[in-house]
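Step one of this worksheet: look at the structure below.
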Amino acid sequence: MRPQILFPLFAEVSTLKGVGPKVLPLVQKLAGGLVRDLLFLSPSGLIVRRPMTATNAVEGQVGIFEVSIDRLIVPGKPGAPIKVRATDDTGFVHLIWFGGSAQHIDRLLPKGQRRLVSGKVERFNNEVQIVHPDVYGLDQADEIAAVEPVYPATQGLTSRVLRKLVQQALALAPDLPEWQDEAWLAKTRWPGWRAALAALHAPNSEMDISPDTPARQRLAYDELFAHQLALARRRRARQITPAPVIQPGEASRLLLEGLPFHLTGAQQQAVAEIRRDLASGEQMGRLLQGDVGSGKTAVAALAMADAAASGFQAALMAPTEILARQHFQRLGPMLEAAGVATVLLTGRDTPGERRARLSALASGEAAVAIGTHALFQDAVRFDRLALAVIDEQHRFGVNERQRLQAKGDPRTGGVHLLTMSATPIPRTLELTQYGELEVSRLTEKPPGRTPVATAVLPLARIGEVAKRLRAAIDAGAQAYWICPLVAESEASDLAAAEARAADLRRILKIEVGLAHGQMPGAEREAVMADFADGRLPLLVATTVVEVGVDVPNATIMVIEHADRFGLAQLHQLRGRVGRGAKTSACILLYGGGDEGLGETARTRLETLRRTEDGFEIAEEDFRLRGGGDPLGLRQSGFPAYRFADPIRHRSLMLAAADDARLVLGRDPDLTSSRGEAVRTLEALFDWRNDRPGAD
Ligand code: ADP
Ligand code: MG
């Protein structure tokens, strides 16, 4: 419910003076449809106006001239500008209009009259001219502000009109109760909310336009705080959904003993975090993040064994057939040995197999199901599903995850959710995209992994690379060769990859497999399987090699045109090698011919050479992308913040997330006086029905 005090801000912009049918759609498009949206429209710059004369006018600056009108020059040919020649005591000032009516201009500036004109000074034939000047009578001198904010105008909607609308919105803004923590405000010395908005819309100098002014920081923090509150509330809503109490038991102990290794510290911690959730009686929603090879599967297996030990069922869903099979081949025997009956469910089971497996799940005879999309089909029934594990979660839609979760028994409560991702993401993205989930991170790699020696070479040295590749393959190694998708034309990319595969076949005289995005899924999986089973020594691929597939014998990866990949993507690709005990190498080939390497591309490849820590690489990647949105983060669910810049205001976001948790922890229903103020803030931003792209 929206507090009454906010009503004026949630009025339609059409209620403001000067918003007629022509202007309305433009304002709606530019700022939004509500008075609040105008209030939240940040100036993009400012105008400083200085009194000038025709002789001392400074080009490029905005001047105010007191002139008398000399003559109107109506253009002879259509399309040419209308001009008015004016003079002050020192010389001519030419006023120019492209389009517009001569009568109108003549009425505004009658010959012989004195006027104040203002605008950006240009010089043409060494005479001062102003295009589309603002015009005032001499008695209006008070109305001309020396400094004024500039708003992001658009065709048909000038900054001046916007300025007037924003001023009206500002006048409607009520004083609101303070929602920020007092101690925090004292520390930051930020102004109150209303004062911050007033300052936002009244910049005095260029410095006031920067995102780092106290006023803008305050507003950014308010926004981040409101968003984090909305996410924290969703998290709470999930937490108060009852779910089965799951505790470790005999099966968990046997599984742990049966693992051929000791858990790393990071794995132990993740297991402890998951166990705390599973035993809480509240529904778990947890994201397990860790690089490829960080050992997420063992963590998930333990959680599934816990479910079985507590008399429940668990399901592990993988995005591809080959991944599901790999999980089943590895985990199946270990789970069985721990007394946990496990079945595989994919799209390719024979009708007989399928019937038997479905009935084992429905009767509860099987405690764990490992499979693909086949798992959430209607025919699949569980006896008492309590835990859903989603591997490579980004490959599934929200709906698909929910369909699996919906297979629980409503009488035992909600189904716990553990999602896993091999794409480490920076904390800021984690907070905005997964803010409603708890997160565990595997920051440590299992021991015995050899670092991948990474080299950056120009494409011109491809001959050398081929020679080394041949020697390694002769010695029994397997290798990936990645050709990028440049997206200009898939067909030509594919042709390039096919040509490369043919080249390599000819030069190396070995069998070379080819996997690309346009192949039918089954065919691609067959090639991948041949490679995984060691039947193919070399695999050329255009698309990202199947995430998560483990081929320990593959020790070399060559990436062509590495400069065309993103940092995180290169890291993902490289993660495909270095999975066994043998030394591995990754060769990043850049450019074609003598092409140099751009600054950002160089930094990217250097970062990759320096570190293999996925979280560090993710932070660096995020930083290198800068404040813009070149990767389409917005489309991928990144909220369209008005004030906050996730990169610049990173530390504010972290603080806001902590603050939101703290506030809701202390006062879950927001009934204290701060709680009430906080609700006003939430309503002010209203993340539920915001602009497209927002949350
Ligand atoms: P991912 O996080 O990519 O899913 P996996 O779970 O497939 O990683 O683990 C990668 C490999 O590391 C597997 O072969 C697995 O058996 C092994 N592994 C996992 N945990 C450990 C550990 N603590 N010590 C040694 N090897 C481990
Ligand atoms: Mg995995």
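Could you please give the count of residues in the stretch 242-286 that are among the polar types (S, T, N, Q) and surrounded by 16 or more Cβ atoms within 10 Å (Cβ to Cβ)?
5
Where residues in the stretch 247-277 are within 16 Å of ligand 2 (Cβ to nearest atom) and in a loop (DSSP other than H, G, I, E, B), which of them is farthest from Glu444 (Cα to Cα)?
Selected residue: Leu259.
I'm checking my understanding of the structure. Among residues of the stretch 386-405 that are crowded, with 20+ Cβ neighbours inside 10 Å and closer than 20 Å to Gly347 by Cβ, which one is farthest from ligand 1 (Cβ to nearest atom)?
Of everything passing the filter in the stretch 386-405, Leu404 is farthest from ligand 1 (Cβ to nearest atom).
Of all residues in the stretch 563-612, which are among the charged types (D, E, K, R) and either assigned to a loop (DSSP other than H, G, I, E, B) or under 17 Å from Lys445 (Cβ atoms) (or both)?
Arg574, Arg576, Arg579, Lys582, Asp594, Glu595, Arg610, Glu612
How about the stretch 156-188: which of its residues are without any contact (Cβ under 8 Å) to a residue 40 or more places away in the chain and in a loop (DSSP other than H, G, I, E, B)? Before the answer, list the steps.
Residues of the stretch 156-188 without any contact (Cβ under 8 Å) to a residue 40 or more places away in the chain: 158-160, 163, 167, 171, 175, 182-183, 185-188.
Thr158, Asp175 - these are the residues of the stretch 156-188 that are without any contact (Cβ under 8 Å) to a residue 40 or more places away in the chain and in a loop (DSSP other than H, G, I, E, B).
Go through Ala308, Ala303, Ala237, Ala230 for me and flag whichever is farther than 19 Å from Pro424 by Cβ, away from ligand 2 (no atom under 16 Å from the Cβ) and buried (at least 22 other Cβ atoms within 10 Å of the Cβ).
Sole residue among the options that is farther than 19 Å from Pro424 by Cβ, away from ligand 2 (no atom under 16 Å from the Cβ) and buried (at least 22 other Cβ atoms within 10 Å of the Cβ): Ala308.
Step by step: first the residues of the stretch 311-361, then only those that are surrounded by 20 or more Cβ atoms within 10 Å (Cβ to Cβ) and small (Gly, Ala, Ser), then the one that is farthest from Thr372 (Cα to Cα). Which residue is that?
Of everything passing the filter in the stretch 311-361, Ala338 is farthest from Thr372 (Cα to Cα).
Are there any helices (runs of 4 or more DSSP H) wholly within the stretch 293-373 with 2 or more residues that are over 27 Å from Ala266 (Cα atoms) and over 36 Å from the mean Cα position of the chain (by Cα), and if so which?
Qualifying helices (runs of 4 or more DSSP H): 351-363.
Out of Leu375, Leu331, report the one residue that is within 16 Å of ligand 1 (Cβ to nearest atom), aliphatic (A, V, I, L, M) and either outside the structural domain of Ala314 (by TED's automatic domain parsing) or within 23 Å of Gln289 (Cβ to Cβ) (or both).
Result: Leu331 is the single residue among Leu375, Leu331 that is within 16 Å of ligand 1 (Cβ to nearest atom), aliphatic (A, V, I, L, M) and either outside the structural domain of Ala314 (by TED's automatic domain parsing) or within 23 Å of Gln289 (Cβ to Cβ) (or both).
Confirm whether Val465 is over 16 Å from the mean Cα position of the chain (by Cα), over 18 Å from Gln239 (Cα atoms), open to solvent by 50 Å² or more (accessible area, probe 1.4 Å) and away from ligand 1 (no atom under 16 Å from the Cβ).
no
The values are calculated or read from the model by the stated rules, or taken from the named source; none is laboratory data. Since this is a predicted model, take the numbers as computed values, not measurements. As a convention, Cβ positions derive from the backbone with ideal geometry for all residues, glycine included, and neighbour counts pool all protein chains shown. In case anyone asks, the SASA skips ligands and DNA or RNA and just uses the protein heavy atoms, side chains included. Shrake-Rupley method; radii C 1.70, N 1.55, O 1.52, S 1.80 Å.
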